[in-house]
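Worksheet: one structure, shown below.
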Amino acid sequence: MSASDLDAVVAIEEAIYPHPWTRGNFGDSLAAGYECWVVECGGDMAGYCVAMIAAGEAHLLNLSVAGPWQRRGIGREALDFVLDTARRAGAERIFLEVRPSNDAARALYVAAGFTEIGARRGYYPAGADREDAIVLQLELQR
């Protein structure tokens with residue numbers, strides 16, 4: 001992912017989430033040197049990932065697939081890419097947060113071997129309210 005991708009990334013983000021990351025969130029991730037990738041299929045941007053990898057750990061911050069490309073295995077391919085990248089960078093484990101209401105993402109992460117290790121109360125905006133986050137972890141085998 002580069003700054004030139006941000007218009008397309010933000011368009012996908014706004015189309016698939018009621019409370020999307022902002023252009024500033026993505027720009028800050030790039031500026032901070034986080035691992036940021038786009039997924040392309042047939043010349044179209046099909047999704048993107050943002051992860052922070054440091055000190056033997058990784059944190060998956062955003063993994064999203066554009067609506068027309070969902071349910072085609074792209075999320076799993078992107079997740080596998082992130083996991084392999086984290087392993088190569090020396091991470092021993094990876095963490096992420098997911099909304100309890102995001103059944104598709106939860107199923108993806110459980111199928112990949114993630115386990116629930118906790119919750120963050122009121123982590124996500126949800127209309128006038130807040131939604132908790134489920135914290136998941138996966139031990140990365142070398």
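The values are calculated or read from the model by the stated rules, or taken from the named source; none is laboratory data. Computed from a predicted model, the values in this text were never measured in an experiment. Glycine gets a Cβ as well: all are built from the backbone with ideal geometry, and neighbour counts include every protein chain shown. Side chains are part of the model used for accessible areas, which takes the heavy atoms of the whole protein and leaves out ligands, DNA and RNA. Shrake-Rupley method; radii C 1.70, N 1.55, O 1.52, S 1.80 Å.
Residues that are open to solvent by less than 60 Å² (accessible area, probe 1.4 Å) and either of a type in the set (Ser, Thr, Tyr) or not in a strand (DSSP E or B) (or both): does segment 34-44 have at least one?
Taking every residue of segment 34-44 in turn, none turns out to be open to solvent by less than 60 Å² (accessible area, probe 1.4 Å) and either of a type in the set (Ser, Thr, Tyr) or not in a strand (DSSP E or B) (or both).
Here Glu13 meets the list (1) under 23 Å from Arg72 (Cβ atoms); (2) open to solvent by 40 Å² or more (accessible area, probe 1.4 Å); (3) among the acidic types (Asp, Glu) almost entirely, failing just condition (2). Of all residues in segment 107-133, how many are among the hydrophobic types (A, V, I, L, M, F, W, C) and touching a Gly at 6+ places or on another chain (Cβ under 8 Å)? Residues that pass the stated criteria total 1. Residues that are open to solvent by less than 70 Å² (accessible area, probe 1.4 Å), in contact (Cβ under 8 Å) with a residue 24 or more places away in the chain and assigned to a loop (DSSP other than H, G, I, E, B) within segment 71-115 comprise Ala89, Gly90, Ala91, Arg99, Pro100, Ala112, Gly113, Phe114, listed in sequence order.
Test Leu108 against the criterion of being in contact with a strand residue (DSSP E or B) (Cβ under 7 Å, 6 or more places away or on another chain) and either of a type in the set (A, V, I, L, M, F, W, C) or farther than 26 Å from Ala15 by Cβ (or both), and give yes or no. So Leu108 fails the test.
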